[in-house]
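Below is one structure, written out as structure tokens; the observations come after it.
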Amino acid sequence: MEIKCISGFASITKDPAASASLYQGALGLPLEAMNEYRFVDHFPGANHFGVWPLAMAAQSCFGQDEWPESVPEPTATIEFELADAAAVEAAVLEMKAKGQAFIHEARTEPWGQTVARFMSPEGVLIGLSYAPWLHD
């Protein structure tokens, strides 16, 4: 078997309206509707796939090895790549103005990525990201 790419990613939600509001309304993704299912085909593909231990995600988000009990544990993460670090900061301000709460606002990780993270209604850890190596 030879995997060519990540062909799709979909969050699974108990509240399709809240999720559509986030992905289509707040993030502006060009989603089409097929009944309650929202989707976009031929969207630029993923540049990274990983298996991220929860302790590492907690360290990255909260600076500790334990995920706080007050925040639902994510079972997936997706990051949306933006043009540059300033675009990440601007996106945070835009989404906060729409009422989005963030786990952390824009900051630069030790590996050079600028990222801000928040939780989706269905418990997906979402990052607004600028990874310089994806723009070379």
From zero up to wherever the largest Cα-Cα distance of segment 12-60 sits, split into 5 Å bins and tell me the percent of pairs in each.
-> 5, 15, 19, 17, 17, 19, 7, 1
Considering only the chain, percent of DSSP beta bridges that pair antiparallel, nearest 5 | 65
tail above 24 Å in the computed P(r) of the chain, as % of all Cα-Cα pairs, reads 32
Efficiency by 1/(1 + (r/R0)^6): what FRET value for residue 43 and residue 70, r their Cβ-Cβ distance, R0 = 35 Å, to the nearest 0.05?
-> 0.60
Compare 104, 42 by solvent-accessible area with a 1.4 Å probe and give them largest first, with all protein chains kept in place.
-> 42, 104
Evaluate the distance, in nm, between pseudo-label points positioned 7 Å from the Cα of residue 59 and of residue 32 along their respective Cα→Cβ axes.
-> 4.3
With each run of n ≥ 4 DSSP H residues scored as -39500 (n - 2.57), what mean residue ellipticity at 222 nm is computed for the chain after dividing by its residue count and rounding to the nearest 500 deg cm²/dmol?
-> -5500 deg cm²/dmol
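The values are calculated or read from the model by the stated rules, or taken from the named source; none is laboratory data. Here the structure is a predicted model, which means the values were calculated and not measured. Cβ atoms come from the backbone with ideal geometry, glycine included; neighbour counts cover every protein chain shown. Areas reflect the complete protein model, heavy atoms only, side chains present, ligands, DNA and RNA absent. Shrake-Rupley method; radii C 1.70, N 1.55, O 1.52, S 1.80 Å.
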